[in-house]
1. Between Asn347, Asn103, Asn290, find the one with the highest GNM mean-square fluctuation for the chain; connect C-alpha pairs within less than 10 Å.
2. Can you list residues whose amide H is under 5 Å from Leu368's amide H, if they're 5+ apart or on another chain and H is modeled 1.01 Å from N?
3. For Ser229, Ser326, Ser185, what's the fewest-to-most ordering of other Cβ within 10 Å of each Cβ?
4. Give the lysines whose C-alpha is closer than 22 Å to that of Lys351, dropping any in the same chain fewer than 8 places away, or say none.
5. Taking the beta-carbon count within 10 Å as an exposure proxy, list Glu105, Glu296 from fewest neighbours to most.
6. Rounded to two decimals, what ratio of Rg to Rh does the chain give with C-alpha atoms and a Kirkwood Rh?
7. Can you tell me how much longer the chain between Arg67 and Asn83 gets when fully stretched, taken as 0.36 nm per residue apart minus their C-alpha distance, in nm with one decimal?
8. What is the fewest-to-most order of Leu249, Leu364 by other Cβ atoms lying within 10 Å of their Cβ?
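FYI, it's all coordinate maths here, none of it is from the lab. It should be emphasised that the depicted structure is a prediction, and the values quoted were computed from it without experimental measurement. Neighbour counts are summed over all protein chains in view; Cβ atoms, including those assigned to glycine, are modelled from backbone coordinates with ideal geometry.
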Amino acid sequence: MPDFIVTPWEVSGEIDYEQLIKEFGIEPIDEKLLFYIKEITKEIHPFLTRKIFFAHRDFKWILDEYRKGNPFYLYTGRGPSGNVHLGHVMPWIFTKWIQDKFNVELWFQLTDDEKFLFNQSLSYEEAYNYSYDNALDIIALGFDPKKTFIFSDIDLAGTLYRSALKIAKKITYSTIKATFGLDNSANVGQIFYTSIQTVPAIIKSLIEGKNIPCLIPHAVDQDPHFRLSRDVLPKLGYFKPASIQCIFLPSLQQGGKMSASIENTAIFTTDNPEEVKKKVNTAFTGGQANAKLQRELGGNPSICSVFKYHFMLFTLDDNELKTIESRCIAGDLLCGECKNNLIQKINKFLKVHQEKREKAKDILDQYLIKEKIDLKKIISDKLKKV
Ligand code: TRP
C-alpha cells in the first residue's frame, strides 16, 4: 500500500511523484521538451526548470500544431469551496505565463456544482457565491480580459449540459467507480459530475464548429478526469485534450499539501501581514533545536517547508535560491532570518494582489460569461404569440 493518496477528492501523505507518473501513465517533462518550449517562448519559466510543472499528456503535439499555425486554447478550473490560498494561485500564475507567451484564449471553469455535490456541509448558495468571490483572485492575476472567459458551471448549465449528456452516455458506472473510487454511497450527481468537467475541453470546438486543440494546466490530482475525457472525446469526434501537470504546494506544517481545511497549513490571498507572519513563524522547518546547534550542524532545506515556499513561489531567481540553500546547510543562515525574508516576500505579493482583487470587483463583467434565462419573460413572450 502506498503511504499517500492522490485523487480529485483527496490528497494526503508524502507524495511520490515518480510513482504517480507510472501509475497515471503521464509523461515526464524532459530536457528535450523544455528545449522545444524554449524555442517558441524564448525564455523558460522556473516552474518548468524546477519541475514544479513536471508531467504532461500530448504537450508536444500542442506545440507541433501551434508551430503549424494551428493554435490551441487553455482550459483550467477551480472548485470554489472556500477562500483561495497560495497553492491554488501557483498553477494560475503559470497559466497566465502560457497565455502571454502564446497569446491564446483561456477558459476558466468554476465548478460550484462539483463542490456542492461533493462537500456535504456546503450549500448550493455558498458554492455559487464562492464562484464569484474566487473569480476576483483569478482576475487579480492579470489575465487578458479580451482572451479570458470565466464561468460558473451553474451559470453556464444549459450549454454544458447539452454536451455533458453525450459524454455521460459513453461512460459506465463501473468506469466511474474504478476511476474515482466512488462507491454505493455516492450521490447520483457525483457519478455524473465528471461529464461536466470534460465539456470545457471541447468548448472552443463547439463554438467554432471545427476541432481546436485544448491544453489543460492543472494539479496532478485532476488527471483522472481528463484521462476519461481523452477516452471519450475521440468517440464523439473531438481531439483528446492535452495537459500539463503540477505538483502541490506543500503545507506549512509537516507533511501534506496546503489545505484550506486544516488550520495554519495554508496562506490565503486575503490574509493580512500579521497572519502571514504568524503562520510562517510557526512553520515546520529543517532547523536544529537551537541557534548554537544550527550554527554547528547547519539546517536541512530538503525537509523545510519555508525553503519549499522560496523554491516554489517566492525566490524564483536561481542564484538567490542557491545562496539560501547553501547558507542554510552551512549553518550561516538561521531560520529566523530565512522566515523573515519569506514573510516580506509573501506580504509584498499579497499587498499587490489584494489591491488588484479589490479593483477586480469593478471589472468582473469583462471576464464572466453566463446564460441569462428569464423563464417568466420567455413564457409571457410565448403567450403573446397565441
Ligand atoms: N475539479 C477541480 C477542483 O476541484 C476544478 C476544475 C475544473 C479544474 N476543471 C478544471 C482544475 C480544469 C484544473 C483544470 O479544484
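1. Between Asn347, Asn103, Asn290, it is Asn290 that shows the largest mean-square fluctuation.
2. The answer is Ile150.
3. Ser185, Ser326, Ser229
4. Lys96, Lys277, Lys278, Lys279, Lys308, Lys339, Lys359, Lys361
5. Final ranking by Cβ density, sparse to dense: Glu296, Glu105.
6. Using only Cα positions, Rg/Rh for the chain is 0.99.
7. 1.9 nm
8. Ascending number of Cβ neighbours within 10 Å: Leu364, Leu249.
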